[in-house]
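Remarks on the structure that follows.
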Amino acid sequence: MYRSTGLGKSELVAEVVAVKRQGDYLIMEMQTTEPVRWKIRGGLSRADFKQLLKSILKLSIMSFFLNPAGWFRKAAHPGDF
């Protein structure tokens, strides 16, 4: 689920299609399914990836990944984000 400030409070439902390397970037490709069908690509540089890893290593985030009970249940909507 994604939100765009250009679309107001509209939510875009999307799935990750691929992650691939292109030069010095990792490119993540997503396909939205609702309310429109768009192909979205995002680039991640090494500096971005370093920041992402730092963020993931925080205890509050690690507990999200390490909670096996959460792997099998449907995710609750996060509300307004």
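Here, each number is a calculation from the coordinates, and none is a lab measurement. Quick caveat: nothing in here was measured; it's all calculated off a predicted structure. Virtual Cβ from ideal backbone geometry, glycine too; neighbours counted across all protein chains shown.
Can you pull out the trypsin sites (Lys or Arg not before Pro) in region 4-57 that DSSP calls coil and that have at most 14 other Cβ atoms within 10 Å?
On the way: sites: Lys9, Lys20, Arg21, Arg37, Lys39, Arg41, Arg46, Lys50, Lys54; in loops: Lys9, Arg37.
Answer in residue order: Lys9, Arg37.
Each principal axis of the chain carries a Cα extent, and these read 36, 35, 23 Å when sorted largest first. Shown is the FRET efficiency for Tyr25 and Ser4, computed with R0 = 22 Å from the Cβ-Cβ distance and rounded to the nearest 0.05: 0.55. In this structure, Val36 and Ser60 have a Cβ-Cβ separation that, at R0 = 22 Å, corresponds to a calculated FRET efficiency of about 0.10.
The alpha-carbon of Lys58 sits under 20 angstrom from the alpha-carbons of these aspartates and glutamates, leaving out residues fewer than 8 places away in its chain: Asp48. Residue pairs exceeding 27 angstrom between C-alpha atoms, taken from Lys50/Lys74; Lys9/Lys54; Lys9/Lys74; Lys20/Lys50: Lys50/Lys74; Lys9/Lys54.
Multiply the residue separation of Phe72 and Leu44 by 0.36 nm, subtract the distance between their alpha-carbon atoms, and state the gained length in nm to one decimal.
Gain on extension, Phe72 to Leu44, equals 7.2 nm.
Could you work out [θ]222 nm for the chain from helices alone, using -39500 (n - 2.57) per DSSP H run of at least four and dividing by all its residues? Round to the nearest 500 deg cm²/dmol.
-7000 deg cm²/dmol
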